[in-house]
Number of protein chains: 2
Amino acid sequence: MTRYKAIISYDGTLFSGFQRQPEARSVQEELEKTLKRLNRGQEVTVHGAGRTDAGVHAYGQVIHFDLPEVRDVEKLRFGLDTQSPDDIDVVAVEQASDDFHARYNKHSKTYEFLVDNGRPKNPMMRHYATHYPYPLDLALMQEAIQDLVGTHDFTGFTASGTSVEDKVRTITEARVELDPHTGFLVFTFSGNGFLYKQVRNMVGTLLKIGNGRMPVGQIKVILDKMDRNLAGPTAAGNGLYLKEIYYDN
Amino acid sequence: MTRYKAIISYDGTLFSGFQRQPEARSVQEELEKTLKRLNRGQEVTVHGAGRTDAGVHAYGQVIHFDLPEVRDVEKLRFGLDTQSPDDIDVVAVEQASDDFHARYNKHSKTYEFLVDNGRPKNPMMRHYATHYPYPLDLALMQEAIQDLVGTHDFTGFTASGTSVEDKVRTITEARVELDPHTGFLVFTFSGNGFLYKQVRNMVGTLLKIGNGRMPVGQIKVILDKMDRNLAGPTAAGNGLYLKEIYYDN
């Protein structure tokens with residue numbers, strides 16, 4: 001048995017998410033179908049580092065899987081890439097140690113969230129950025145976003161009813177900038193783990209702050225009170241990108 | 001009767017083209033449906049400056065249409081924009097003189113053509129750039145593209161069997177650059193008119209030159225001999241954008 005690690009990108013628009021689920025199209029299932037063909041009809045299980053939701057995109061999702069033999073990794077990448085559907089691309093494949101696990105090995109992730117603040121929106125980007133056609137004060141959001149950096153209990157920013165017990169996570173970087181080339185706002189978050197819908201809830205809150213409908217100090221209040229009701233709405237998945245995953249060592 | 005001029009953008013992916021045609025979805029038909037609703041059920045005819053093909057996008061298509069009365073143009077823009085399908089956006093509406101005609105008034109156009117030369121491609125851009133996963137020498141294409149500038153008979157670059165008699169057109173600007181932000185090649189062409197499939201045939205030829213499968217002097221030969229068979233293949237419509245239209249006066 002040989003373990004492989006791969007970096008994949010995908011357009012989340014037509015997927016119900018990364019993870020396999022009955023009666024719905026998933027990235028995991030499509031990759032497993034391709035790998036089965038490349039493995040003489042034998043099933044192959046794909047493990048992903050992060051479970052992106054419906055509509056969420058990825059430039060740097062990491063997966064691992066096992067095949068019975070050693071393969072040329074560039075040929076394997078090419079086969080996986082060209083035989084998978086058009087909305088999945090396989091960027092890189094490498095051999096990994098037998099105990100490598102895309103999800104359980106310690107890692108940090110970077111997410112980006114794109115907001116199209118134009119009126120009207122850019123129709124070419126309607127699946128690739130969230131349209132927010134209301135006034136936004138960038139400086140207010142840049143001030144507020146700093147309160148997310150550090151180690152906090154992010155209960156107030158996750159979906160209520162999440163089964164994860166420990167909701168303490170560390171955000172090492174959080175920033176929002178205007179991309180002069182696209183005119184879009186780009187939110188960037190890096191950290192050692194993110195709770196279910198955490199990034200989208202943080203963005204939804206920051207947009208409310210930027211629009212003047214929540215005070216700039218609201219992030220601190222939400223972190224203190226650990227109350228989801230104090231945060232803004234969940235921003236739509238179409239603006240979210242799993243950008244990069246870094247494994248320790 | 002009041003005439004209106006509007007700038008519209010659209011994602012060409014799900015359209016058979018700009019122009020109305022039976023049994024196929026077109027930009028013109030969708031806009032006419034919206035205008036009929038905004039005009040108390042009375043039919044409105046939309047005239048477009050350029051007839052983009054299936055899959056071709058627009059940031060700056062210009063249309064004109066008539067309504068029986070004077071309207072507030074920003075309200076009209078908002079109504080047209082929000083009541084049209086999601087893949088059409090109405091950027092601007094203004095009142096025009098009664099004799100303004102989007103197609104027949106003298107104008108020049110700028111087209112852009114995006115090529116994703118990455119391996120693998122960017123899956124988010126698969127409908128918005130043509131994927132060309134082969135080596136390309138940018139300098140060769142930059143040299144060859146200059147031969148397109150000027151007034152020429154472009155017979156060799158149009159689809160054979162085109163009904164237009166006069167195939168002499170003037171290209172005022174032609175260039176190709178690498179966009180450092182996207183990594184894509186961007187071809188830009190401005191001129192006083194383009195023949196059917198001309199831009200896509202010019203790009204298909206330039207890609208062959210860049211890939212070393214046609215000599216750098218091939219453009220001159222095609223212009224001289226006026227023979228479509230000497231040019232490269234028609235590049236796919238998904239990379240093409242009608243960028244901007246400038247009217248004389």
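In the set (1) open to solvent by 60 Å² or more (accessible area, probe 1.4 Å); (2) among the polar types (S, T, N, Q); (3) in a helix (DSSP H, G or I), A:THR205 fails one condition alone, (1). Of the residues that make up the range B:231-248, is at least one modelled with pLDDT under 95 and more than 29 Å from B:MET125 (Cα to Cα)? Yes, there is a match, as at least one residue in the range B:231-248 is modelled with pLDDT under 95 and more than 29 Å from B:MET125 (Cα to Cα). Reported count of residues in the range B:180-228, each being under 23 Å from the mean Cα position of the chain (by Cα), among the charged types (D, E, K, R) and under 30 Å from B:PRO123 (Cα atoms), is 3.
Within the range B:122-135, being open to solvent by 40 Å² or more (accessible area, probe 1.4 Å) and more than 21 Å from the chain's Cα centre (by Cα) holds for B:TYR134, B:PRO135. Filtered by the rule that a residue be away from chain B (no Cβ under 14 Å), among the small types (Gly, Ala, Ser) and touching a strand residue (DSSP E or B) at 6+ places or on another chain (Cβ under 7 Å), the range A:9-55 gives A:GLY17, A:SER26, A:GLY48, A:ALA49, A:GLY50, A:ALA54. In the range A:56-76, of all residues being open to solvent by less than 40 Å² (accessible area, probe 1.4 Å) and more than 18 Å from A:GLY41 (Cα to Cα), the one that is farthest from the other protein chains (Cβ to nearest Cβ) corresponds to A:HIS64.
Taking the range B:144-179 as the range and being of a type in the set (Ser, Thr, Tyr), assigned to a loop (DSSP other than H, G, I, E, B) and farther than 16 Å from B:THR205 by Cα as the test, the residues that pass are B:THR162, B:SER163. Exactly one residue among A:LEU140, A:LEU136 is part of a loop (DSSP other than H, G, I, E, B), of a type outside the set (D, E, K, R) and either at pLDDT 95 or above or outside the structural domain of A:VAL203 (by TED's automatic domain parsing) (or both), and that residue is A:LEU136.
If the condition is being more than 18 Å from the chain's Cα centre (by Cα), surrounded by fewer than 18 Cβ atoms within 10 Å (Cβ to Cβ) and either part of a strand (DSSP E or B) or β-branched (Val, Ile, Thr) (or both), then the range A:4-55 contributes only A:THR45. Taking the criterion of being open to solvent by less than 50 Å² (accessible area, probe 1.4 Å) and modelled with pLDDT under 95, the residues of the range A:102-121 that qualify are A:GLY118, A:PRO120, A:LYS121. Candidates are the residues of the range A:82-101 that are buried (at least 19 other Cβ atoms within 10 Å of the Cβ) and among the small types (Gly, Ala, Ser); the one that is nearest to A:GLY193 (Cα to Cα) is A:ALA96. On the stretch given as the range B:86-98, residues that are of a type outside the set (A, V, I, L, M, F, W, C) and more than 9 Å from every other protein chain (Cβ to nearest Cβ) total 4.
The values are calculated or read from the model by the stated rules, or taken from the named source; none is laboratory data. All values derive from a computational prediction rather than experimental measurement. Here Cβ is always computed from backbone atoms with ideal geometry, including for glycine, and neighbour counts include all displayed protein chains. Accessible surface areas use protein heavy atoms only, side chains included; no ligands, DNA or RNA. Shrake-Rupley method; radii C 1.70, N 1.55, O 1.52, S 1.80 Å.
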